[in-house]
Amino acid sequence: MVVGAGIGGLCGAIRLAAQGLPVTLLERHGWAGGKMRSLPSEAGPVDAGPTVLTMRGVFDDVFRAAGARLDDHVSLTAEPVLARHWWPDGATLDLCADPGRNAAEMRRFGGSVAEAEFRAFGARTRHLFERFEGPVMRSPRITAGGLMRAVADAPLATLRAMAPGKTLAALLSESFSDPRLRQLFGRYATYVGGSPFGAPALLSLIWEAEARGVWRVSGGMRALADALVGLAQEIGVEIRLDTEVTGIETQAGRASAVTLADGERLPVRALLFNGDPRALTTGRLGPAIRHAVGAAATAPRALSAWVWAFAARPGGARSADLAHHNVFFGADPRAEFGPIREGRLPEDPTLYVCAQDRWDSPSGTPSGGETGAQTWARAGARAGLERFEIIMNGAPRGSEVTPQEAQACRKLTFQTLDRMGLSFTPMPGCAALTTPADFAQMFPASRGSLYGRSPEGMMASFRRPTTRSRVKGLYLAGGGVHPGPGIPMAALSGSHAAAAIATDLGLTSPSRPTAMPGGMSTASTRTEPAPSR
């Protein structure tokens with residue numbers, strides 16, 4: 001039994017079904033994919049969740065385990081421009097998939113000093129990624145042995161690269177003379193829900209994960225979630241949407257059954273929980289499993305976000321030069337993260353803008369066949385409409401957002417972009433906004449955090465929950481579980497959990513499924529309705 005059809009739950013269910021186990025996947029919402037959601041617009045479905053796909057090999061592995069090929073289920077295109085960055089002083093900088101082009105960009109942006117500093121920083125992050133990917137990220141838990149393997153062949157160089165005891169901001173201050181480059185690489189802390197002023201320097205390796213490739217999903221990120229759903233059904237997973245689990249029972253200290261909101265009780269042999277671990281510690285799913293993870297594994301909370309998803313006609317001096325992924329920086333990062341730490345809107349925000357219909361290939365169109373979403377997009381383009389997602393970092397919160405706060409966010413977001421040369425007609429109303437409080441409602445016990453436990457603090461990674469909970473038969477997956485937030489990390493957590501379940505059930509060798517194709521209780525998982533305000 002799997003509870004929660006986010007990416008971790010889907011990947012875990014596929015891995016288990018691929019070994020011949022009967023799998024039922026329960027999801028409280030009317031769509032599968034978790035935070036990988038889309039909303040309707042006049043130009044077609046617009047992404048309203050994650051937009052950056054790295055480490056595609058993680059998903060190749062999931063499909064391969066089920067005897068399938070990722071490329072047969074979804075069309076992926078490598079992004080030549082990883083992201084285009086903009087500053088208030090008018091400067092721009094592209095980070096690209098081509099190392100030579102990156103070096104040239106750095107030289108254009110900041111001269112030979114910036115180029116040399118960037119090359120040194122790249123070597124540092126590459127060293128870290130190569131040593132920590134296997135024994136840490138692809139391992140079900142962080143162990144002393146895994147850390148020793150990570151540093152064994154070059155202990156001094158690895159320790160220097162890790163910069164133990166330093167924050168990411170402190171490391172970047174030593175690495176780059178230009179404060180704009182410190183700001184740029186500091187934003188990678190937000191990928192896992194932290195501030196560069198509190199996150200450990202080790203998180204600099206996130207840059208290397210992105211440098212190894214960002215992939216465009218034809219039809220939007222929802223297409224990846226739909227591909228996982230399709231694969232799961234093909235190999236026999238039963239997916240039940242609109243099915244809320246309200247309790248987890250134990251017998252003799254072992255997870256034995258789940259109870260549903262309608263009173264139905266379902267016995268379980270093994271239970272994979274793909275939700276925020278805080279739902280367990282707060283007793284939301286019953287007192288019997290409150291001790292499944294320690295309280296320190298779920299607090300303090302990571303960042304949330306204010307997310308706009310809409311279709312409009314772009315205007316302004318910058319509109320013609322948008323890439324698919326764009327970052328508009330404020331002038332002072334402390335004026336962003338300081339207020340957020342106090343629970344307020346940032347005073348000087350950094351805004352991520354995904355221009356969903358912008359393609360960086362020479363033809364201006366994606367490789368592969370055109371999807372229904374792209375057909376919609378072309379129809380929208382004829383009317384001058386494009387689809388956009390805008391993300392502003394925010395504090396987690398469970399309390400309701402007032403109309404005045406939503407309007408303040410609207411003013412801050414679009415006035416900031418307008419000053420930097422990007423405007424929208426029509427400017428979206430607050431119905432296009434998903435707030436931290438909306439995320440709290442969608443994902444129970446999360447308090448609106450999109451990333452689970454905060455990554456800030458030198459020991460944060462060691463305190464994150466791991467695959468096996470303290471309750472026998474209850475396993476964990478998702479962005480709140482090791483190896484952490486992000487699409488590939490959530491997928492890895494599902495794979496780790498499936499491996500642990502298979503081991504504990506005595507399955508010694510994976511086999512292709514013999515089950516009949518599974519089913520799903522609703523007709524479509526393509527879009528998710530806008531949250532009510």
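The values are calculated or read from the model by the stated rules, or taken from the named source; none is laboratory data. Predicted, not measured: the structure shown is a model, and the values here were computed from it. Please note: Cβ atoms are built from the backbone with ideal geometry, for glycine as well, and neighbour counts cover all protein chains shown. Ligands, DNA and RNA are excluded from the accessible area calculation, which covers all protein heavy atoms including side chains. Shrake-Rupley method; radii C 1.70, N 1.55, O 1.52, S 1.80 Å.
Helix 372-382 and the longest principal axis of the C-alpha atoms of the chain enclose an angle of approximately 20°. With the simple model of a label 7 Å out from the Cα in the direction of the Cβ, residue 174 to residue 332 spans 2.7 nm. Per residue, the average separation of C-alpha pairs within less than 8 Å and at least 6 apart gives the chain a relative contact order of 26 percent. For the stretch 26-86, the ratio of Cα radius of gyration to the globular rule of thumb 2.2 N^0.38 Å stands at 1.40. Normalising the average separation of contacting C-alpha pairs (under 8 angstrom, six or more residues apart) by the number of residues puts the relative contact order of the stretch 231-372 at 13 percent. Using the alpha-carbon atoms, what tilt in degrees (0 to 90, nearest 10) does helix 403-419 show relative to the longest principal axis of the chain? The angle comes out near 40 degrees. All C-alpha to C-alpha distances of the chain, sorted into 20 Å bins beginning at zero, yield P(r) values of 23, 59, 19, 0 percent in whole numbers. Each label was represented as a point 7 Å from its Cα along the Cα-to-Cβ direction; for residue 402 and residue 344 these points are 1.5 nm apart.
Taking all protein chains together and rolling a 1.4 Å probe, residue 15 ends up with roughly 60 Å² accessible. Note: relative contact order over the stretch 138-245, using C-alpha pairs below 8 Å and six or more positions apart, is 21 percent. Given R0 = 30 Å, the distance between the Cβ atoms of residue 252 and residue 463 translates into a calculated FRET efficiency of 0.55.
Once you compute Rg and the Kirkwood Rh from C-alpha atoms, what is the Rg to Rh ratio for the stretch 463-506? Here the Rg-to-Rh quotient is 0.97. Between residue 194 and 303, the built amide H atoms are under 5 Å apart, and every one of these is 5 or more places off in sequence or on another chain.
For the chain, the longest principal axis of the C-alpha atoms and the axis of helix 7-17 are separated by about 40°. From the helices alone, meaning DSSP H stretches of at least four residues, give me the mean residue ellipticity at 222 nm for the chain, per-run term -39500 (n - 2.57), in deg cm²/dmol to the nearest 500. Calculated from helices alone, the mean residue ellipticity at 222 nm is -10000 deg cm²/dmol.
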